[in-house]
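What follows is a single structure, written as structure tokens, with notes after it.
No lab work stands behind these numbers, since they all come straight from the coordinates. No experiment lies behind these values; they were computed from the predicted model shown. In this analysis, Cβ positions are derived from the backbone assuming ideal geometry, glycine residues included, and neighbour counts consider all displayed protein chains.
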Amino acid sequence: MSSVVKYCIIYQRGYRGKQKRAEEEEPPADPAKARERLFQRAAKLLAAKQRSVEELRERLLAGRGANPDLVETVIERLREYGYLDDERFAQSYASLRIQQRPIGRQRLQRDLHLKKIDKQTVDTALDQVFEQTPEADLIDHAIARRIRLRGRPKTREEAKKLFDHLLRQGFAFELVSEKVRALAKSEIDESEQ
């Protein structure tokens, strides 16, 4: 049977997909069941990956049958249980990202801003993380990794590529220029010997 024939049969019998389903839907459940269902969905979302409060709020509101009041009560309940905490999330996210790959403060700040965490919380978390691992150590690791992959920059163009790479990784301009200049100077000193 061809797809055109199937379509004609379905159309003639009156099956119109979502329109039919909407008519057959059961009436909305009582608020306690809806709240419990929303709480279960929130728990599943948090089990899959750690999220900020705003990220979770957006995901829950995007779901079917969620209203803002219900979402707020679920979020408050999760905060009471300790499952939602923006300060802890920002701290763990930043320290994990630094452990995975050396990146700078500006990049982490942007990433946490995209996670919809307020500026004061971000600054506090980043201060704690960079107190443990200074940015100068991170940029040294980033440079060593880049040199291991691509070799030492021999031309001005290669040095510029390294410079741009480090800026994209979120390191401060002054720190990047200082480190790349030192690297270029050591390259010149080695070539003279």
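For segment 113-193, the Stokes-Einstein estimate of translational diffusion at 25 °C and a viscosity of 0.890 mPa s comes to 172 µm²/s, using the Kirkwood hydrodynamic radius over alpha-carbon pairs.
Each Lys and Arg Cβ is given +1 and each Asp and Glu Cβ -1; about its Cα centre, segment 123-193 then shows a dipole of about 560 debye. If the chain linking LYS44 and HIS113 were pulled fully straight, counting 0.36 nm for each residue of separation and taking away their Cα-Cα distance, it would gain 22.5 nm.
Full extension of the chain between ARG145 and GLU157 gives 2.5 nm of extra length, using 0.36 nm per residue less the Cα-Cα distance. Here the Karplus relation 6.51 cos²θ - 1.76 cosθ + 1.60, evaluated at θ = phi - 60°, turns the backbone of segment 116-123 into coupling constants of 6, 10, 5, 4, 5, 5, 4, 4 Hz, with x for every Gly and Pro.
Across the cross-link table entries LYS33/LYS119; LYS161/LYS185; LYS160/LYS185; LYS49/LYS116; LYS154/LYS179, which are compared at the Cα atoms, the separations over 25 Å belong to LYS33/LYS119. Taken one residue at a time, the phi angles of segment 67-81 give Karplus couplings (6.51, -1.76, 1.60, θ = phi - 60°) of 10, x, 5, 5, 5, 5, 5, 5, 5, 4, 5, 5, 5, 4, 6 Hz. Gly and Pro are set to x. Approximating the spin labels as points 7 Å out from Cα along Cα→Cβ, the ARG101-to-ALA62 distance works out to 2.3 nm. Rounded to the nearest whole Hz, the Karplus-based 3J(HN,Hα) values (6.51 cos²θ - 1.76 cosθ + 1.60, θ = phi - 60°) of segment 109-114 follow the sequence 4, 5, 4, 5, 5, 5, with x at glycine and proline.
Taken as Cα centroids, segment 141-168 and segment 26-89 sit 45 Å apart, rounded to the nearest whole angstrom.
Between THR133 and ARG77, the simple spin-label model (points 7 angstrom out along Cα→Cβ) gives 3.7 nm.
Relative to the current alpha-carbon distance between ALA34 and GLU87, full extension at 0.36 nm per residue lengthens the span by 16.2 nm.
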